[in-house]
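Worksheet: the structure to be examined is printed underneath.
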Amino acid sequence: MADTSLVDNRLKASVTHLENFIFQEIDEGRAECVIDQTDLQHFFVPTNAEYGCGMYTRQLTVPKNLLFTGKIHRHAHMTFLLKGELLVTSETGRKHIKAPHTWVTPCGAKRAFYALEESILTNVHLTKHPQLEKLQQIEDEVIAPSYTEMGLAEADLNLLLE
């Protein structure tokens, strides 16, 4: 269960609202999906018998001026901004970060990012399935489809109307 002591519910709602808005704008033809302008690479460390897991790293290169949202993470993991500069909003606050920057992404986190310049963002996850052929299993293992599945309250979009 995520530590909710630092959660700003309005910021949590704003990230969810932004993600919904982006998808709606793309669906209705007012914005273009530019995922093909990003570069996502996958790296794997084989299972270590002593610890019973391996590692999965996803490295995303995004162009300047790209606005995007991340997923809800089931487990705490390491995140690195290797290159660039980002504005980041999550339920714990807003930050302006410049590479190199390292932080721990907590369990249950979901963020919105705006790339002020071309940026390289890297996440490292422990996994039981460290193989490209099992990428969907890794996604299921590290990403939650909703806050409810994490045992957390969904974002209350009504907070944005107050």
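Take Lys95 and tell me if it is assigned to a loop (DSSP other than H, G, I, E, B) and exposed (fewer than 14 other Cβ atoms within 10 Å of the Cβ). Full working, then the answer.
Numbers: assigned to a loop (DSSP other than H, G, I, E, B): no; exposed (fewer than 14 other Cβ atoms within 10 Å of the Cβ): yes.
No; evaluated as a whole, the condition is false for this residue.
Confirm whether Ser90 is at pLDDT below 95, surrounded by 14 or more Cβ atoms within 10 Å (Cβ to Cβ) and closer than 23 Å to Asp140 by Cα. Break it down into steps so the answer makes sense when it comes.
Values: at pLDDT below 95: yes; surrounded by 14 or more Cβ atoms within 10 Å (Cβ to Cβ): yes; closer than 23 Å to Asp140 by Cα: yes.
Here the answer is yes, as Ser90 does meet what is asked.
Step by step: first the residues of the range 61-83, then only those that are under 10 Å from Thr105 (Cβ atoms) and in contact with a helix residue (DSSP H, G or I) (Cβ under 8 Å, 6 or more places away or on another chain), then the one that is surrounded by the most Cβ atoms within 10 Å (Cβ to Cβ). Which residue is that? Outline the logic, then answer.
Pass one, the range 61-83, residues under 10 Å from Thr105 (Cβ atoms): 70, 73, 75-79.
Pick out the ones that are also in contact with a helix residue (DSSP H, G or I) (Cβ under 8 Å, 6 or more places away or on another chain) and you get 73, 75, 77.
On the way: His73: 22, His75: 16, His77: 19.
Per the stated criteria, the residue is His73.
From Ala109, Ala153, Ala115, which residue is surrounded by 15 or more Cβ atoms within 10 Å (Cβ to Cβ), more than 11 Å from the chain's Cα centre (by Cα) and among the aliphatic types (A, V, I, L, M)? Talk me through it step by step, then tell me what you get.
Working: Ala109 fails: more than 11 Å from the chain's Cα centre (by Cα); Ala153 fails: surrounded by 15 or more Cβ atoms within 10 Å (Cβ to Cβ).
Among Ala109, Ala153, Ala115, only Ala115 is surrounded by 15 or more Cβ atoms within 10 Å (Cβ to Cβ), more than 11 Å from the chain's Cα centre (by Cα) and among the aliphatic types (A, V, I, L, M).
Every residue, every condition in (1) assigned to a loop (DSSP other than H, G, I, E, B); (2) within 30 Å of Leu159 (Cα to Cα); (3) at pLDDT below 95; (4) among the polar types (S, T, N, Q), yes or no:
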position: Gly54; (1), (2), (3), (4): no, no, no, no
position: Thr61; (1), (2), (3), (4): no, no, no, yes
position: Phe80; (1), (2), (3), (4): no, no, no, no
position: Leu86; (1), (2), (3), (4): no, yes, no, no
position: Ala109; (1), (2), (3), (4): yes, yes, yes, no
position: Tyr114; (1), (2), (3), (4): no, yes, yes, no
position: Glu118; (1), (2), (3), (4): no, no, no, no
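Out of all the residues in the range 103-158, which are basic (Lys, Arg) and either in contact with a Pro (Cβ under 8 Å, 6 or more places away or on another chain) or under 26 Å from Ile22 (Cα atoms) (or both)?
The first filter runs over the range 103-158 and keeps only residues basic (Lys, Arg), leaving 110-111, 128, 134.
Lys110, Arg111 - these are the residues of the range 103-158 that are basic (Lys, Arg) and either in contact with a Pro (Cβ under 8 Å, 6 or more places away or on another chain) or under 26 Å from Ile22 (Cα atoms) (or both).
The values are calculated or read from the model by the stated rules, or taken from the named source; none is laboratory data. Remember, it's a predicted structure, so these values are computed and weren't measured experimentally. Using ideal geometry, Cβ is built from the backbone for each residue, glycine included, and neighbour counts are taken over all protein chains shown.
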